[in-house]
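The values are calculated or read from the model by the stated rules, or taken from the named source; none is laboratory data. For clarity, every value in this text was computed on a predicted model and none was experimentally measured. All Cβ positions, glycine included, derive from the backbone under ideal geometry; neighbour counts span all protein chains shown. We work out accessible area using only protein heavy atoms, side chains counted, and drop any ligands, DNA or RNA first. Shrake-Rupley method; radii C 1.70, N 1.55, O 1.52, S 1.80 Å.
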Amino acid sequence: MYISASYARCIFKKYTGKTIFEFLLNKRMQEAKKLLSDPYVKVYEVAGLVGYNSKTHFAETFKRYTGQTPKDFQQKIKEGNTYV
């Protein structure tokens with residue numbers, strides 16, 4: 001394509017309204033929420049499936065993004081108090 005990485009990032013943000021990092025984080029967290037809706041899936045499995053090598057880093061990021069830990073989210077799903 002012969003465009004610089006910087007220009008590609010600018011174009012991406014212009015058309016999506018988000019940086020590439022924000023876009024990927026949003027996609028990862030949406031997928032994590034879907035996976036966590038299954039009470040039999042472990043948090044470390046979800047972390048790996050959405051691209052995190054560390055369960056701890058995933059849990060911290062998930063909490064920053066949703067305001068709750070992955071375990072709390074999973075518990076609320078079980079109780080029927082949260083929508084994915």
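Could we say that Leu24 is open to solvent by 60 Å² or more (accessible area, probe 1.4 Å), out of contact with any Asp or Glu (no Cβ under 9 Å at 6 or more places or on another chain) and not small (Gly, Ala, Ser) here? Answer is yes for this residue.
If the condition is being of a type in the set (D, E, K, R) and more than 16 Å from Leu25 (Cα to Cα), then the stretch 48-76 contributes Lys71, Asp72, Lys76.
When you check Thr66 against the structure, is it of a type outside the set (A, V, I, L, M, F, W, C) and surrounded by 14 or more Cβ atoms within 10 Å (Cβ to Cβ), yes or no? When the stated conditions are applied, Thr66 passes them.
Evaluated against (1) open to solvent by 70 Å² or more (accessible area, probe 1.4 Å); (2) among the aliphatic types (A, V, I, L, M); (3) out of contact with any Asp or Glu (no Cβ under 8 Å at 6 or more places or on another chain), Ile11 falls short on exactly one condition, (1). Residues in the stretch 46-57 that are open to solvent by 60 Å² or more (accessible area, probe 1.4 Å), closer than 14 Å to Lys71 by Cβ and touching a helix residue (DSSP H, G or I) at 6+ places or on another chain (Cβ under 8 Å): 1 in all.
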